[in-house]
Each structure stands twice: as C-alpha cells, then as structure tokens.
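Have a look at the structure below, then the notes.
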Amino acid sequence: MPIRIDLIKDGVNVGNILVDQYVELGRRDKYDVGEVIPFFTQSGDIARWVIADTGGANKLPRKVCGLEPLDGNNIRVANIHSTNRELWIQKGELKTQILPGESIEHALPSQIRLPEGLSVEVARVEISEIEAENTSAHPEFDDQLKSILGGTGTSLSFSSGSSFLSQSTTGGTHSVFSQESESGENGRLFIQAMKHVIPALQEPIYSPKYLQGIAQAVINVMDMDRVEIITRKDGKWIYDEENQFLRSRSIEPELPSRSLLERVLASGKLSTFPDEADDGPSESLMEMQSAIASPLLDPTDDKGGLLGVLYADRRCKMGSGRSASITKDEQEFIAILSVATANRLGNVKKEQELHTYQQFFSQKVISSLLDKGDAFLDGKDTEVSVLFCDIRGFSKATDTMEANAAMQWLSDTLSELSQVVLDADGVLVDYVGDELFAMWGAPDEDPSHGYSAIRAAIKMMEIKRMLNERYKGKIRFKIDFGIGLNTGMARVGNTGSRQKFKYGPMGRTVNLGSRIQGLTKQWQVSTLMAETTAAFVPPDTPKRRLCQAKVVGLDGHVSLYQLMSQQEANDDLISRYAEGLALFESGQQFRQAAKLFGELVQKYPEDGPSLIMLDRSVNQLVHPIGEFSPVWEAFTK
C-alpha cells in the first residue's frame with residue numbers, strides 16, 4: 001500500500017508525493033533534473049524526492065533521510081547522512097532523535113523534523129482514497145481528455161499540490177483502472193505505471209528518455225509489443241525509428257495500420273482495432289489482434305491541430321493468454337499519456353520558437369509574442385523607428401588582424417551593440433556584414449518607439465569608449481560607429497522565408513534609414529537622424545539640424561539632424577552652426593555664412609558639418625547658380 005509524504009515549510013504544505021517504495025529525501029545535486037522544487041526523480045532502484053535547491057543560505061544535506069514503507073501501519077526512518085544530527089521523529093510533545101547511520105521503525109502517521117526548519121508528515125493512503133477524489137484542479141486537461149475520448153471517460157481527480165505527479169502535464173493523480181477490478185490490483189497497476197511515467201516527466205524538455213519512459217509504461221502495464229510516436233507534418237505521417245519502442249528486438253518493426261491512423265486524423269479522437277466498424281483485420285494487421293492510436297492535439301493551436309498520434313499494438317496467438325481487445329481502462333490510460341505527450345511536444349515547439357525569438361527580441365517582447373501566437377508574423381502597416389549601426393574599421397581589421405581575431409572582435413562588438421537593442425526592448429532585425437539593423441514600434445505598438453531608438457543610439461555611442469579600452473593594444477585603429485535613425489510607416493512581418501525566420505519592417509522608412517546611416521561618413525559624425533525621429537529627442541539631449549538633404553535613389557528630401565553624445569555636445573558650436581545654416585539657407589548671405597563657418601572650422605577643426613557648410617558657402621560665392629536650392633545632394637549611398 002502506498003504512503004503519502006507531505007513537505008511542510010514555514011507551516012505551509014508545499015508539495016507531496018505518493019510512493020510504495022524506499023525513497024531518499026535531500027537537496028538537489030548535479031545529477032538531479034527538474035525545475036520546480038520539490039520534485040521526484042528515480043535512477044535505477046534509487047528514488048529521490050528533492051525538497052530543496054542548492055546555493056544560498058540553505059544547508060540541507062544532499063541526503064538527509066530515507067523513508068521505507070513497511071508491512072502493516074509502520075515506516076522505517078533512516079538518517080543517511082554521516083554527520084547531520086538534526087533529524088527527529090515527533091508525535092505530540094514526544095521527540096525522538098535519529099543519529100547519523102541509525103534507523104528506527106515508527107507507527108504511522110509520523111511527523112519528521114528536518115534541518116532548515118523543514119518537516120515532512122507521512123501517512124498511509126488507501127487506493128480507494130485516491131480513486132475517491134473527483135474534483136479536477138485542471139479543467140483544461142479534462143477538456144483535452146474528453147475531446148480525445150469523444151466526450152466520455154471516468155472522472156478525473158487531481159491534487160494540485162502534488163509534486164509526485166505535478167511534473168506531469170496534468171499536475172495531479174488519476175484513477176485510470178476500472179473499479180470492477182480488485183482495488184489492490186488497481187493500486188499495483190497504478191504504481192507500476194507511475195514508476196515509469198513519473199521519472200519520464202522529470203526529464204528535460206528535449207530528453208529522449210521522456211518517450212522511452214512513456215513507452216515502457218504502456219508496454220509493461222498494457223502488455224503491448226510496440227509503442228510509437230508518429231508525428232504529422234505538411235500533410236504526411238512521419239515515422240522516426242527513434243520514436244519506436246519494441247518489447248523485444250525479435251519483433252518485426254512493421255508500419256502501423258494506415259487505416260487506423262487515417263481514422264484518428266478524420267475524427268480527431270482515439271481509435272482502436274478492432275472496433276465495431278471493422279469486419280476483420282486489414283492486410284497490415286493480419287497478425288495483430290489489437291492496436292490503439294490516440295491523437296496528440298497541439299496545445300498551442302486554438303483549432304486543435306494534430307501533432308501526431310501515440311500508437312501501440314500487440315499480437316495474440318491462441319493459448320497465449322494475452323487479451324485480444326483494448327479495454328476502456330486501457331483507452332483512458334493511453335488518452336491520459338497522449339495529452340501529457342502532446343503538451344510535451346507543444347512545449348518543445350514553444351521552446352524552439354523561444355530559442356529563435358531570443359536571438360532577436362527582449363524578454364518583454366517575447367512575452368508579448370507568446371501571447372499573440374503566430375498572428376504577429378502576418379504583415380501589418382505600423383509606425384516604427386529603425387536604427388542602422390555600421391562598425392567602422394572592419395576592413396582595416398581584416399587587413400591588419402588574423403582572420404580568427406578579426407572575427408572574434410566583430411562578434412564581440414556586434415554582441416555589445418545587440419545587447420543595447422535588447423535592453424531597450426528593440427527588435428534585432430538583421431546583421432549585414434559589419435552592420436546591425438534594429439527596430440522599435442512592433443510587434444507591440446509603442447508611442448515612444450522613437451525615444452527608445454534614440455536611447456539605444458546614445459548608449460551605443462557610450463560603449464565606444466569601453467570597446468576601445470578593451471581592445472587597446474590589440475588593434476591598430478580606433479573603434480567608431482556610424483548610426484542612422486529614421487521614423488515612419490512600414491510594413492512589418494516575417495520578411496524572411498520558410499527556411500530562415502526574419503521579423504522586421506519593409507518600405508521607404510527602412511531604405512531612408514539605411515541611407516541616413518551611410519551619410520554619417522560624409523558628414524564625419526557618429527549619429528544622424530531624420531526630423532521624424534528628432535521630434536522624439538528629449539529637451540535635455542543635445543542635437544543640431546545640419547541641413548536639408550537628398551539621398552541617392554529616393555525621391556524628396558529630408559532634414560538631417562545630428563544626435564550628439566554628452567562628450568560631443570557644445571552649446572557654442574550648436575548655436576553658431578544654427579546661425580550660419582540660417583544665413584546659408586536664406587540664399588542671399590553666403591559671404592556672412594562663409595565667414596561664420598570659417599571661424600567654426602578654425603575653432604573646431606574636427607567638426608565635419610562646419611567644414612561641409614564652409615565648402616558649400618564658398619562654392620556659392622565663387623560659382624553661383626541660377627536658381628539656388630538649400631538642399632544638399634549626397635553623391636553616394
């Protein structure tokens with residue numbers, strides 16, 4: 001008969017397990033897998049209940065005590081740690097200490113005091129008590145199971161605090177064997193099944209041992225010859241040998257019944273062979289007496305798409321004593337495992353998507369995407385701010401550094417820039433050589449997207465000093481960036497292909513942003529932006545309007561602004577440059593403009609915009625044109 005062990009922490013029940021064998025309690029070690037404390041795990045014949053994590057102030061031993069159910073109403077409690085003396089059995093006011101290496105028998109129920117203020121309460125559990133719990137803490141599981149079974153099935157019972165079963169998809173216990181059988185046999189089969197299922201549920205999400213554990217439970221409990229997970233993709237059944245499990249190597253790994261699979265596909269419900277619709281075995285099932293296929297419904301799909309099926313079959317010969325039919329209890333058992341397996345496959349799918357998203361999105365954006373599902377991939381028109389950042393000096397790096405060192409430097413620099421984007425909740429759209437492309441304003445609408453892009457650009461300008469310090473003496477040039485910003489409407493969605501995911505914007509806003517970044521070299525500044533982005537610059541952030549410009553390949557013109565770092569900011573330069581620009585754009589005061597810009601060049605010889613405007617002013621004096629235009633035309637991208 002099983003025992004129930006409840007873990008008490010600070011007076012609160014934080015989990016329980018149901019076992020009928022010896023189990024060790026303690027903290028996690030490097031071999032234990034599982035995410036939520038407490039969790040149950042089993043390796044060979046050793047069952048462990050991990051009740052505390054490693055690290056922090058917790059000093060609970062890796063092995064603190066062992067509990068073993070005995071005949072009658074007793075339990076053996078052992079102190080399995082070599083030095084721990086904080087292990088007590090308490091009944092009322094009477095406390096009995098168990099010293100290292102000692103064990104004692106004690107009548108149930110028992111309360112056991114552990115180190116770190118933890119305790120466990122142990123009691124005998126009748127199988128009838130398990131079967132009597134009929135209130136589900138997970139109605140969504142009920143719905144999944146009923147859809148697979150066609151709306152019928154036994155009542156399901158859950159224990160939401162149970163960690164023995166909480167690692168399963170259901171989060172609780174089930175009575176899956178007919179009450180027409182002897183209750184003792186029900187309990188034996190239940191525990192036998194759980195010994196295989198629970199360790200499987202503890203496995204990491206990508207572990208192949210999960211399917212092995214589920215298959216072993218079906219093979220042993222239902223006396224099956226074969227269990228197989230058959231997935232479905234692009235309208236085809238996918239047979240993977242790694243997902244096929246046989247009782248014996250001597251069994252021929254034949255293909256499953258095609259008609260049975262198609263029946264599940266058509267109905268979306270569990271099907272068996274033979275059933276009322278079968279006149280006799282099909283050719284592929286000529287030597288089979290029974291088979292079962294249960295749908296694996298995609299939990300991430302609101303329409304209940306089919307991920308595949310959980311399939312099992314067994315052969316029966318006259319006099320073998322094996323059942324020739326699949327019972328209702330066995331159907332319910334398979335249905336429960338298929339829901340758990342479908343959710344496992346759904347979680348794998350989510351993890352794969354999450355891994356993809358983590359390359360491009362911040363955690364805040366990812367959370368929003370997971371809520372949206374695939375809808376965010378559909379193209380939509382929305383206002384965004386784009387940022388292009390070019391790493392200057394990459395050509396020099398490839399000429400003066402070894403290839404591996406140059407690639408490491410590029411990777412490190414792009415990683416630092418990428419983190420700036422993610423920290424500002426932006427989207428990493430793409431890398432093109434030594435250039436980074438980022439976006440704000442989608443997938444979630446954000447009225448402050450321009451400000452977020454500006455904040456990221458300022459941070460990028462700041463990390464230049466850090467990177468130059470990091471590579472001091474390792475490279476022969478100064479690291480610098482050219483950053484271009486633009487804001488406007490764009491078509492946003494998956495701009496990649498079926499083979500390569502790429503979420504981002506398309507349209508004139510993007511093209512203009514790229515062109516603006518290219519102008520940073522000609523104007524010899526770190527960051528340029530269009531007036532649509534400049535409107536988001538906070539009042540205390542320095543900026544200056546440089547000119548009206550026409551870029552290569554695009555109609556119209558744009559007002560260019562320089563976004564200045566605190567190191568670049570100079571109130572005298574900003575105000576006097578604005579004065580000179582007004583003189584130039586008036587179309588009549590080129591001599592005064594040339595004089596003013598000449599003074600700026602003498603005072604600030606490294607200021608590229610002043611030098612360009614001095615050249616433009618002098619040219620208008622020396623080579624006047626018939627119809628003056630203040631628009632500066634870029635000569636290259």
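The values are calculated or read from the model by the stated rules, or taken from the named source; none is laboratory data. Since the structure is predicted, the reported quantities are computational estimates derived from the model, not experimental observations. Here Cβ is always computed from backbone atoms with ideal geometry, including for glycine, and neighbour counts include all displayed protein chains.
Observations, loosely collected:
- Qualifying position, being in the same structural domain as Gln524 (by TED's automatic domain parsing), of a type in the set (S, T, N, Q), at pLDDT 80 or above and in contact with a Ser or Thr (Cβ under 6 Å, 6 or more places away or on another chain), among Ser418, Ser448, Ser411, Ser385: Ser385
- Some residue of the stretch 316-326 being within 27 Å of Lys209 (Cβ to Cβ) and either at pLDDT below 65 or buried (at least 21 other Cβ atoms within 10 Å of the Cβ) (or both): yes
- Qualifying residue in the stretch 451-470 (condition: in a strand (DSSP E or B), touching a Ser or Thr at 6+ places or on another chain (Cβ under 9 Å) and not β-branched (Val, Ile, Thr)): no
- Among the residues of the stretch 218-243, the ones that are modelled with pLDDT under 85, among the acidic types (Asp, Glu) and closer than 24 Å to Cys316 by Cα come to 2 in all.
- Top-ranked residue of the stretch 35-53 - restricted to ones that are in a loop (DSSP other than H, G, I, E, B) and surrounded by 13 or more Cβ atoms within 10 Å (Cβ to Cβ), ranked as modelled with the lowest pLDDT: Ile37
- Inspection of the stretch 599-622 finds no residue satisfying the criterion of being over 30 Å from Pro447 (Cα atoms), part of a loop (DSSP other than H, G, I, E, B), among the polar types (S, T, N, Q) and in contact with a helix residue (DSSP H, G or I) (Cβ under 9 Å, 6 or more places away or on another chain).
- Test: residue in the stretch 202-217 that is modelled with pLDDT under 80, in contact with a strand residue (DSSP E or B) (Cβ under 9 Å, 6 or more places away or on another chain), assigned by TED's automatic domain parsing to the domain that holds Ala291 and over 21 Å from Leu307 (Cα atoms): yes
- Hits in the stretch 535-563 - residues which are of a type outside the set (Val, Ile, Thr), closer than 26 Å to Phe635 by Cα and either surrounded by fewer than 20 Cβ atoms within 10 Å (Cβ to Cβ) or modelled with pLDDT under 95 (or both): Lys543, Arg545, Gln548, Lys550, Gly553, Leu554, Asp555, Gly556, His557, Ser559
- Annotation note: of Arg545, Arg508, Arg515, Arg576, the sole residue that is of a type in the set (Lys, Arg), in contact with a strand residue (DSSP E or B) (Cβ under 6 Å, 6 or more places away or on another chain) and touching a residue at least 24 places away in the same chain (Cβ under 8 Å) is Arg545.
- Residue in the stretch 481-500 that is β-branched (Val, Ile, Thr), in a helix (DSSP H, G or I) and at negative phi present: no
- Here the condition is being closer than 27 Å to Gly213 by Cα and at pLDDT 90 or above; of Leu108, Leu99, Leu67, it holds for Leu67 alone.
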